[in-house]
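To start, the structure itself, in structure tokens.
The values are calculated or read from the model by the stated rules, or taken from the named source; none is laboratory data. As the structure is a computational prediction, the values presented were derived from the model and not from experiment. Glycine also receives a Cβ, built like all others from the backbone with ideal geometry; neighbour counts cover every protein chain displayed.
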2 protein chains.
Amino acid sequence: RKRVLVTGGAGFLGSHLCERLLTDGCEVLCVDNFFTGRRENIAHLMSAPYFEMLRHDVTFPLYVEVDEIYNLACPASPIHYQFDPVQTTKTSVHGAINMLGLAKRVKAKILQASTSEVYGDPQLHPQPESYRGSVNPVGPRACYDEGKRCAETLFFDYYRQHNLNIRVARIFNTYGPRMLPNDGRVVSNFIVQALKGENITVYGDGSQTRSFCYVSDLVDGLVRLMNAPDEVTGPVNIGNPREMTILELAQRVIDLTGSSSEVVLRPLPQDDPLQRQPDITLAKSALGWKPTIELETGLESTVAYFRDLLAVEL
Amino acid sequence: RKRVLVTGGAGFLGSHLCERLLTDGCEVLCVDNFFTGRRENIAHLMSAPYFEMLRHDVTFPLYVEVDEIYNLACPASPIHYQFDPVQTTKTSVHGAINMLGLAKRVKAKILQASTSEVYGDPQLHPQPESYRGSVNPVGPRACYDEGKRCAETLFFDYYRQHNLNIRVARIFNTYGPRMLPNDGRVVSNFIVQALKGENITVYGDGSQTRSFCYVSDLVDGLVRLMNAPDEVTGPVNIGNPREMTILELAQRVIDLTGSSSEVVLRPLPQDDPLQRQPDITLAKSALGWKPTIELETGLESTVAYFRDLLAVEL
Ligand SMILES: NC(=O)c1ccc[n+]([C@@H]2O[C@H](COP(=O)([O-])OP(=O)(O)OC[C@H]3O[C@@H](n4cnc5c(N)ncnc54)[C@H](O)[C@@H]3O)[C@@H](O)[C@H]2O)c1
Ligand SMILES: NC(=O)c1ccc[n+]([C@@H]2O[C@H](COP(=O)([O-])OP(=O)(O)OC[C@H]3O[C@@H](n4cnc5c(N)ncnc54)[C@H](O)[C@@H]3O)[C@@H](O)[C@H]2O)c1
Ligand SMILES: O=c1ccn([C@@H]2O[C@H](COP(=O)(O)OP(=O)(O)O)[C@@H](O)[C@H]2O)c(=O)[nH]1
Ligand SMILES: O=c1ccn([C@@H]2O[C@H](COP(=O)(O)OP(=O)(O)O)[C@@H](O)[C@H]2O)c(=O)[nH]1
Ligand SMILES: O=c1ccn([C@@H]2O[C@H](COP(=O)(O)OP(=O)(O)O)[C@@H](O)[C@H]2O)c(=O)[nH]1
Ligand SMILES: O=c1ccn([C@@H]2O[C@H](COP(=O)(O)OP(=O)(O)O)[C@@H](O)[C@H]2O)c(=O)[nH]1
């Protein structure tokens, strides 16, 4: 049985990944400090015989024995990663160093959850992995973007210096059940607003674009990357190339929920990227991966999840 | 008497800065781990009553009482910063965190020696501070470039989170006495080669450009930035806008030394920037600063320094 460590395993993506790895027959060690993760996300896994939860902050050293490491620990939504920017940078940088040091000691394969944010507000569209990005190093998003860039650097330096078996995935916007209802990301915001009959808050004029990937597709991409031949280090984009404006997303959510909510415009946050779409040529050729879940299908399951969640809250 | 900490104070720029600050009547604490710094650089200051040298690595905490901090600790030449890339990143990132933590505790003003390398291989020419750069996050220069970008991020987050009094200088290529003869930087390489009658090693076809600032001008820019009104946080470019090709530099060094050395072409290192020139509009307006030393004059003193150094070595 492969022993797999998932940092950030109680979060949105991490909890789905733990589930998938258990299904695949792995022994899973989930490490999380519960900053944005929740016990509810993994409650259904606690009784599984090969699942273990360890409360720990990756900015501190971790001594465990494992074969593979998925390093996902890091708040992913702007309101959370801007809550304590220095801590966000430390999570990415010290977290990477500690997990790389661990991987080195136990000779584990290690995958980094990087992000499309390394491209910043991209001037090249869609974004291939070779694009060097346009990140404002001194802006309010920099703690996340630069922290993640620096983590990629550390991965490649451990690879070159110590021959570590690394994988770097650049994850594009992902959505699905277990997003936090209040973490400010657009899909969860819009669905919760629609279900509650509140105004749908579109930032800016809503003409900015994103490309949304359903969580099961994303998790499958990560697992394929981990299992790919060793020369496939990445960085490799994982995301759904179907691009749309935020206004269009708002309309779809309203349609799907049959909500009476109305769109209202709010100020665009500083450094908010205008467009984003993954070029997934590499993922297709190197991993044989492409997304399979249509937006409509994915949104339906996500709406169903939030409907249940809000019903309990009432 | 102002108590000033200079990290990396035994290095090329640091030693000139310490000298200048002593001249200005400051009490100077020079902190260095002697990775690329040398005791020779500060030997002449050791007997000054207000100069103190402390051997210390900035990746570890430092508890001292000072009024101002110039954070220069970091190897600056590719062969040194690529010697142990992970250590380079740690020096920039942990070093920044420790010095910011110190500045926060003692309420000191703190200046970061950032670099034109945050612009990577720039697609915009000349480079204004607003340019977001083109850095390869997974290449061999990334440990330096991304480490410095991340340090800038930390400076601005401490500024926003803790109201720290910060300054960020983006230093462009600087030359002068006390460069290491063997650290691979172009000015020292060419001069040493010319003086020894060895071949002048031009990388690539020599058509790449740089803009070289003499060290006394640079140091003056740093001191002005530190003394500027508190709202002048930067980042601000400090460098000499006079741009030239590397081949032209080689020719000038040959002319100036009267050497019989010949130019030979060597492979261009990966990710070597093609062009670089500071836009110093901001430094002029906010600091009343511009460089004053002509290249010919600056090269002459540098040649004189290396002539003496090599004479001793023989
Ligand atoms: N969801 C997306 O659209 C997206 C896009 C790009 C990248 N990513 C990356 O994927 C990873 C997971 O994202 P997510 O959407 O699941 O976010 P999330 O916030 O739901 O999950 C992050 C998890 O990491 C934990 N964590 C944070 N700091 C920690 C620390 N110092 N030590 C231990 N645990 C810590 C949190 O408690 C949480 O459980 C992140 O690294 C994120 O940057 C996500
Ligand atoms: N010289 C340039 O052209 C140039 C250009 C851009 C930026 N800079 C920046 O200016 C600063 C000084 O550059 P320099 O040209 O004098 O380089 P240098 O290598 O001569 O000096 C750096 C000094 O820092 C010390 N140091 C390195 N790591 C340390 C650590 N962990 N703890 C304590 N001391 C440490 C070294 O021993 C050395 O004395 C650097 O931060 C560099 O990135 C220089
Ligand atoms: O099993 C381990 C081994 C290392 N580390 C951390 O990883 C860091 C980097 O380790 P590495 O061996 O690369 O370098 P070191 O810092 O030990 O020189 C160390 O400082 C430890 O904090 C860890 O958390 N678990
Ligand atoms: O209630 C919201 C939340 C987000 N957004 C916008 O939706 C896009 C995606 O935001 P999110 O925070 O989900 O992801 P990221 O910006 O990190 O891609 C951005 O343009 C946001 O400004 C919005 O219009 N309304
Ligand atoms: O006088 C000081 C105060 C702090 N630090 C270091 O600076 C870091 C950041 O300090 P800060 O107070 O910002 O945060 P902390 O880590 O203490 O929460 C600390 O971890 C210490 O390592 C230091 O070297 N000297
Ligand atoms: O012996 C040398 C050393 C450097 N260079 C080139 O000179 C330029 C400046 O190099 P340096 O390392 O001094 O500074 P940086 O590249 O960091 O600006 C680069 O294009 C190098 O490839 C060169 O042609 N010959």
Practice problem: Just give me the residues in segment A:193-211 being surrounded by fewer than 21 Cβ atoms within 10 Å (Cβ to Cβ) and more than 20 Å from A:Y144 (Cβ to Cβ), in sequence order. | Solution: A:L195, A:K196, A:G197, A:E198, A:N199, A:T201, A:D205, A:G206, A:S207
Practice problem: Check A:S207, A:S188 and return the single one that is more than 16 Å from A:S261 (Cβ to Cβ) and either more than 13 Å from ligand 1 (Cβ to nearest atom) or among the small types (G, A, S) (or both). | Solution: A:S207
Practice problem: State whether one or more residues within segment B:36-49 are under 28 Å from A:T153 (Cβ atoms), among the small types (G, A, S) and without any contact (Cβ under 8 Å) to a residue 60 or more places away in the chain. | Solution: yes
Quiz item: Say we look at segment B:9-40 and pick out the residues that are surrounded by fewer than 23 Cβ atoms within 10 Å (Cβ to Cβ) and among the β-branched types (V, I, T); which of these is farthest from ligand 5 (Cβ to nearest atom)?
Solution: B:T23
Quiz prompt | In segment A:91-149, the residues that are closer than 27 Å to A:L164 by Cα, among the hydrophobic types (A, V, I, L, M, F, W, C) and facing chain B (nearest Cβ under 10 Å) | solution = A:V93, A:A96, A:I97, A:L100, A:V118, A:C143
Quiz item: Given (1) within 24 Å of A:Y131 (Cα to Cα); (2) within 15 Å of ligand 2 (Cβ to nearest atom); (3) in a helix (DSSP H, G or I), where does B:T153 come up short, assuming only one miss?
Solution: (2)
Practice problem: Count, please, the residues in segment B:1-18 that happen to be outside any loop (DSSP other than H, G, I, E, B) and under 16 Å from B:A113 (Cα atoms). | Solution: 11
Quiz prompt | For B:G133: the one exception among (1) away from ligand 6 (no atom under 16 Å from the Cβ); (2) free of Cβ contacts under 8 Å to residues at least 24 places away in the same chain | solution = (1)
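When you scan segment B:232-262, how many residues do you find that are more than 30 Å from B:T153 (Cβ to Cβ) and within 16 Å of ligand 2 (Cβ to nearest atom)? Quick ask: steps written out before the conclusion?
Just the residues of segment B:232-262 that are more than 30 Å from B:T153 (Cβ to Cβ), to begin with: B:242, B:244-262.
Subset that is within 16 Å of ligand 2 (Cβ to nearest atom): B:242, B:244, B:246, B:249.
Of the residues in segment B:232-262, 4 are more than 30 Å from B:T153 (Cβ to Cβ) and within 16 Å of ligand 2 (Cβ to nearest atom).
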Practice problem: Would you mind finding the one in A:L111, A:L102 that is of a type in the set (A, V, I, L, M, F, W, C) and surrounded by fewer than 23 Cβ atoms within 10 Å (Cβ to Cβ)? | Solution: A:L102
Quiz item: Of the residues that make up segment A:77-99, is at least one within 16 Å of ligand 3 (Cβ to nearest atom), buried (at least 17 other Cβ atoms within 10 Å of the Cβ) and within 15 Å of A:M226 (Cβ to Cβ)?
Solution: yes
Self-check item: Among (1) within 28 Å of B:T91 (Cβ to Cβ); (2) surrounded by fewer than 24 Cβ atoms within 10 Å (Cβ to Cβ); (3) among the basic types (K, R), the one test that A:R55 misses
Solution: (1)
Quiz item: Counting only residues that are charged (D, E, K, R) and within 8 Å of ligand 5 (Cβ to nearest atom), how many does segment B:102-117 have?
Solution: 2
Quiz item: Only one of (1) within 18 Å of A:I166 (Cα to Cα); (2) surrounded by fewer than 19 Cβ atoms within 10 Å (Cβ to Cβ); (3) not aliphatic (A, V, I, L, M) is not met by A:R252, so which one is it?
Solution: (1)
Quiz item: Does A:R105 fit the bill of being away from ligand 3 (no atom under 13 Å from the Cβ) and of a type in the set (K, R)?
Solution: no
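Away from ligand 2 (no atom under 15 Å from the Cβ) and not charged (D, E, K, R) - does that describe any residue in segment B:108-117?
Within segment B:108-117 (the criterion being away from ligand 2 (no atom under 15 Å from the Cβ) and not charged (D, E, K, R)), the answer is yes, since at least one residue qualifies.
Can you find a residue that is within 16 Å of ligand 3 (Cβ to nearest atom), at pLDDT 95 or above and either among the polar types (S, T, N, Q) or touching an Asp or Glu at 6+ places or on another chain (Cβ under 8 Å) (or both) anywhere in segment B:33-43?
Filtering segment B:33-43 down to residues within 16 Å of ligand 3 (Cβ to nearest atom) leaves B:33, B:35.
Going one step further and asking which of them are at pLDDT 95 or above, we end up with B:33, B:35.
Checking which are either among the polar types (S, T, N, Q) or touching an Asp or Glu at 6+ places or on another chain (Cβ under 8 Å) (or both) leaves us with B:33.
Looking for residues that are within 16 Å of ligand 3 (Cβ to nearest atom), at pLDDT 95 or above and either among the polar types (S, T, N, Q) or touching an Asp or Glu at 6+ places or on another chain (Cβ under 8 Å) (or both), one finds at least one in segment B:33-43, hence yes.
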Exercise. Quick one: in segment B:156-189, of everything that is without any contact (Cβ under 8 Å) to a residue 60 or more places away in the chain and buried (at least 23 other Cβ atoms within 10 Å of the Cβ), which residue is farthest from the other protein chains (Cβ to nearest Cβ)?
Key: B:Y158
Quiz item: If you go through segment B:230-248 one residue at a time, do you hit one that is in contact with a helix residue (DSSP H, G or I) (Cβ under 8 Å, 6 or more places away or on another chain) and acidic (D, E)?
Solution: no
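Among the helices (runs of 4 or more DSSP H) lying completely within segment B:19-120, list those that include at least 2 residues that are of a type in the set (D, E, K, R) and more than 16 Å from ligand 1 (Cβ to nearest atom).
Details: elements: B:39-42, B:78-81, B:85-106.
Ranges flagged: B:39-42, B:85-106.
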Quiz item: Got a sec? Which of A:P75, A:P128, A:P122 is touching a helix residue (DSSP H, G or I) at 6+ places or on another chain (Cβ under 9 Å) and under 20 Å from A:V187 (Cβ atoms)?
Solution: A:P75
